[in-house]
Structures are given as C-alpha cells and as structure tokens.
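Enquirer: Before anything else, here's the structure in question.
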Amino acid sequence: MKYLKDLRKALQLEREESKKAALQEIKTLSGIQREKLGRAILNLKGRLEGRDIGGLYIVKFGRSKPFETEIDIGDVVLASKGDPLKSDLTGTVIKKTSRSISVAFDSPPPKWALSSGVRIDLFFNDVTFKRMENALDKIENEKELSWLLDLLS
C-alpha cells in the first residue's frame, strides 16, 4: 500500500506542476505569441448556442479571420476578456472549424463571454490525472487486482 500512496503523491505533484506550467506560459507570453504557437485564439465573439442533452451550456466563439491552432476537441480551454489570469471560466472544446470553436461550460457563461474581444487559451487538462487516480483506486479496491499489488510491493 505504501507504493500506491507514493504513486498518489507523485501524481498530485505532477498535476500541480502541469497546472503551474500552463499558468506560467499564459503569464509570460503575450496573447499574440500564444496564438502564433497555436495555444490561444484572440478576438473572438461568443454566441450562446443553447444547452446539450447533459445540460451543458454551449458557446460558439468565432471570428471572420481563419485561425490555425493546436487546440482540439476534448481540450480544456480558459475563456477570458482582458487578463486571462483573472478569469476562471473553463470549458471543454466540443467542435472546431477554421473560423470557430464551440465550448461546453458547466454553468451559464457570463455576459462578457457572449460579446466580442474574447480570448481562448489552451489550459490545463485534469482529465488524464483523474483517470490515473481512478486506476489507482481500482487497483487498491478490487480483489481481482490484488495480485497486482503483490507484484508492486
């Protein structure tokens, strides 16, 4: 069990460092620099598209000028207007075209997100870390996997 405890601690440290690195890049590089790297999209206008079956709020952010980005479906993004480090509006990309990106949010987006001048940044994605935690829980709690614990000890 010590091995699993150590793994959990290492996982938590990696999670914290990944989030710090994402925030540090947003802090250090300008929006234009991040857009050139494909990790931000500037000068977007948001429009509420409604809610999906799961109750998530869908906002389509678009602009007339096409963009190239490494932001892709399934990525977590940070939406902001002004200083992105002062925003906590995160969502998941569900659709992408050359001129728009649709994002699903858990709660209704603020009014500023439905106006022009919105910035979208590729952000820290916690999904992988949650999956790793779930795998560790399974190893620890399922009797069929007890052989794996013996192997790791």
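The values are calculated or read from the model by the stated rules, or taken from the named source; none is laboratory data. What you are looking at is a predicted structure, and each value in this text was computed from that prediction instead of being measured. Positions of Cβ are backbone-derived with ideal geometry, glycine not excepted, and every protein chain shown enters the neighbour counts. Heavy atoms of the whole protein, side chains included, go into the accessibility calculation; ligands, DNA and RNA do not. Shrake-Rupley method; radii C 1.70, N 1.55, O 1.52, S 1.80 Å.
Enquirer: Count, please, the residues in the range 13-55 that happen to be part of a strand (DSSP E or B) and either in contact with a Cys (Cβ under 8 Å, 6 or more places away or on another chain) or not polar (S, T, N, Q) (or both).
Expert: Taking the range 13-55 first, the residues part of a strand (DSSP E or B) are 40-51.
Filter once more, keeping what is either in contact with a Cys (Cβ under 8 Å, 6 or more places away or on another chain) or not polar (S, T, N, Q) (or both): 40-42, 44-51.
Of the residues in that region, 11 qualify.
Enquirer: May I pose another question? Of the residues K2, K60, which is open to solvent by 60 Å² or more (accessible area, probe 1.4 Å) and under 30 Å from N141 (Cα atoms)?
Expert: Being open to solvent by 60 Å² or more (accessible area, probe 1.4 Å) and under 30 Å from N141 (Cα atoms) holds for just one of K2, K60, which is K2.
Enquirer: Another one. Of all residues in the range 118-135, how many are open to solvent by less than 40 Å² (accessible area, probe 1.4 Å) and either at pLDDT 90 or above or out of contact with any strand residue (DSSP E or B) (no Cβ under 8 Å at 6 or more places or on another chain) (or both)?
Expert: Residues in the range 118-135 being open to solvent by less than 40 Å² (accessible area, probe 1.4 Å) and either at pLDDT 90 or above or out of contact with any strand residue (DSSP E or B) (no Cβ under 8 Å at 6 or more places or on another chain) (or both): 7 in total.
Enquirer: Can you name the residue in the range 63-89 that is part of a loop (DSSP other than H, G, I, E, B) and of a type in the set (S, T, Y) and, of all such residues, is most open to solvent (accessible area, probe 1.4 Å)?
Expert: In the first step, residues of the range 63-89 are kept if they are part of a loop (DSSP other than H, G, I, E, B); the result is 63-75, 81-83, 87-88.
From what's left, of a type in the set (S, T, Y): 64, 69, 87.
On the way: S64: 104, T69: 29, S87: 26 Å².
Per the stated criteria, the residue is S64.
Enquirer: Can you say whether L7 is touching a residue at least 40 places away in the same chain (Cβ under 8 Å), farther than 20 Å from I71 by Cα and not β-branched (V, I, T), as far as the supplied structure shows?
Expert: For L7, the condition - touching a residue at least 40 places away in the same chain (Cβ under 8 Å), farther than 20 Å from I71 by Cα and not β-branched (V, I, T) - is met.
Enquirer: Starting from residues that are in a helix (DSSP H, G or I) and among the charged types (D, E, K, R), keep the ones in the range 103-138 and report whichever is nearest to the chain's Cα centre (by Cα). Walk me through how you get there before you give the answer.
Expert: First pass over the range 103-138, keeping only residues in a helix (DSSP H, G or I): 111-114, 127-138.
Remaining after also requiring among the charged types (D, E, K, R): 111, 130-131, 133, 137-138.
Values: K111: 21, K130: 13, R131: 14, E133: 17, D137: 23, K138: 25 Å.
Within the range 103-138, the match that is nearest to the chain's Cα centre (by Cα) is K130.
Enquirer: What residue, among those in the range 10-38 that are in contact (Cβ under 8 Å) with a residue 60 or more places away in the chain and open to solvent by 90 Å² or more (accessible area, probe 1.4 Å), is nearest to the chain's Cα centre (by Cα)?
Expert: Residue satisfying both the conditions and the ranking: K19.
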